[in-house]
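Before any comments, here is the structure.
The values are calculated or read from the model by the stated rules, or taken from the named source; none is laboratory data. Values in this document were obtained by computation on a predicted structure and should not be read as measured data. Here the Cβ positions follow ideal geometry from the backbone for every residue, glycine too, while neighbour counts run over all protein chains shown. SASA here: full protein model, heavy atoms, side chains in, ligands and nucleic acids out. Shrake-Rupley method; radii C 1.70, N 1.55, O 1.52, S 1.80 Å.
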Amino acid sequence: MKKMKKAVLLLLVLMGGMVNAQEIKRIIDRNEAFRKDTVFTIKNDLKETYLPVTVIKGKEKGPVFSIVAGIHGYEYPPIIAVQELLNEIKPENIKGTLIIIPIANVEAFQKRIPFLNPLDQKNLNNTFPGSQNGTPTDQIANIITKEIISNSTIFLDIHGGDANEDLLPFVCYYDRKDTPENKKLAHDLSVQSQIDHIVSYPYNLTPTEPAKYAFKQATQQGITALSIEAGKLGTVQKENVDMIKTAVYNMLESSGNYIRNKSNIKKLKAILLNQQDYIKVPENGIFYSELKSGDKVTKNQVLGYITDEFGSKKQNVISKTDGIILYKIGTPPVNKGETLFCIGYSDKK
């Protein structure tokens, strides 16, 4: 396995070339239209991995639009959608620059591990801004922070439902009130995506607090940032792959990064959900529920119940609000403290 990994890294060197700190800035400053596939090497003690990056630049000037998939390696629809985009997008159709990370967490993807990087058992989506001298996950977050986010005008992080998550497709951004232009652009791009549910998260980070999440890190750095969530339960659904691709193309056209002969963007009245209620698992057990993502729920409604290993009911799970299920645990085992339901709603009448 170790020899195989070294062979993969050598092949990537021959195909695209390794890059060091600040190489992305040097690449995107080239005054020509091009596509370049490259990798960052990541080493820690005896552990070694890599981060693949593609830069596509057009002839005309424009924003730097960055796209990241595979921060969670078991979230397959975003990864497959970006694979297809890489095969379809040509420099002649681009204004400005695209920076694309097709799989941010290569080790989790290859080993089919939900949430965590198997090299250090860390969740990349909880590690930003990362560290140059940390474990592999820390280093990946650091590279994305310094090389990708810091060189971006717009940053898009694409996720889906992991192995145990039943998820309603939505697009989301942070409601950072002291950067109204960025927030407005994030909202406008969300509307243009044609995904019909938009989620606005509250933002209350100080400049020195760890952002944890990639697109929250971009928001903290004063960059327009948003995220697509589409796909569920660790499988590839064609309809969600197609939805992600359509959303990305629409965003790129709206931002001025992509040239289409005929626009496919249609007017759509999206549902804005600016509040979230997170229901945590109260105790370990086996979870039963007939509800699924996208279902509407009401305050005090029984959402399901938890049993022990002998089938005896331990307790009901009750909704605290009226809203719509954005995502939920979609498999039977549940562990105390996990997010069992995320219910979105709006406080605007």
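Structural remarks
- Accessible-area composition of the range 32-80, carbon plus sulfur, in percent [1.4 Å probe]: 48 percent
- The chain - percent relative contact order, Cα under 8 Å, separation 6 or more: 15 percent
- Theoretical ellipticity at 222 nm over the chain - DSSP helices of four or more residues, -39500 (n - 2.57) apiece, nearest 500: -7500 deg cm²/dmol
- Rounded, prolate or oblate (a/c below 1.5 giving rounded, otherwise prolate when a/b exceeds b/c) for the chain by Cα gyration tensor: oblate
- One Cα centroid belongs to the range 260-327, the other to the range 69-117; the line between them spans 27 Å.
- Between ILE279, ILE101, ILE325, the Gaussian network model of the chain with springs among Cα atoms under 10 angstrom shows the greatest mean-square fluctuation at ILE279.
- Extension gain, ASP196 back to GLU253 (0.36 nm per residue minus Cα-Cα distance, nm): 18.7 nm
- Three-way shape call for the range 220-269 based on the alpha-carbon gyration tensor, with the a/c threshold at 1.5: oblate
- As a fraction of the 1.4 Å probe accessible area of the range 208-344, surface on carbon and sulfur atoms comes out at 50 percent.
- Surface exposure of the range 112-165, expressed per residue as accessible area with a 1.4 Å probe, stands at 33 Å².
- Using the Cβ of GLU338 as centre and a radius below 14 Å, the other residues enclosed give a net charge of -1, where K and R count +1 and D and E count -1.
- Candidate aspartates and glutamates for bridging to LYS299, where Cα separation is under 12 Å - those fewer than 8 sequence places away on the same chain excluded: ASP277, ASP322
- Summed side-chain charge close to GLU253 - residues other than GLU253 whose Cβ falls under 13 Å, Lys, Arg +1, Asp, Glu -1: +4
- Of the DSSP H helices in the chain, those whose Cα atoms cover at least 15 Å axially and whose Kyte score averages 0.0 or more: 2-15, 76-88
- VAL317 accessible area, 1.4 Å probe, all protein chains in place, Å² to nearest 10: 10 Å²
- Shape call, the range 204-307: gyration tensor on alpha carbons, a/c limit 1.5: oblate
- Highest mean first, the peptides 110-116, 290-296, 241-247 sorted by other C-beta atoms within 10 Å per residue fall in the order 241-247, 110-116, 290-296.
- With a cut-off of 11 Å between beta carbons, the residues surrounding ILE71 carry a summed charge of -3, where Lys and Arg count +1 and Asp and Glu -1.
- Remark: the range 320-333, residue by residue, has Karplus-estimated 3J(HN,Hα) of 9, 7, 7, x, 10, 6, 7, 7, 8, 5, x, 10, x, x Hz, where x stands for each Gly or Pro and the curve is 6.51 cos²θ - 1.76 cosθ + 1.60 at θ = phi - 60°.
- Between ASP29, ASP175, ASP157, the residue with the greatest mean-square fluctuation in the GNM of the chain (Cα pairs under 10 Å linked by springs) is ASP29.
- Computed over the range 77-151: relative contact order in percent, which uses C-alpha pairs under 8 Å that are six or more apart: 17 percent
- FRET E, pair GLN83, THR41, Förster distance 22 Å, beta-carbon r, rounded to 0.05: 0.50
- Members of LYS183/LYS269; LYS25/LYS184; LYS59/LYS262 lying beyond 25 Å, as alpha-carbon distances in this model show: LYS25/LYS184
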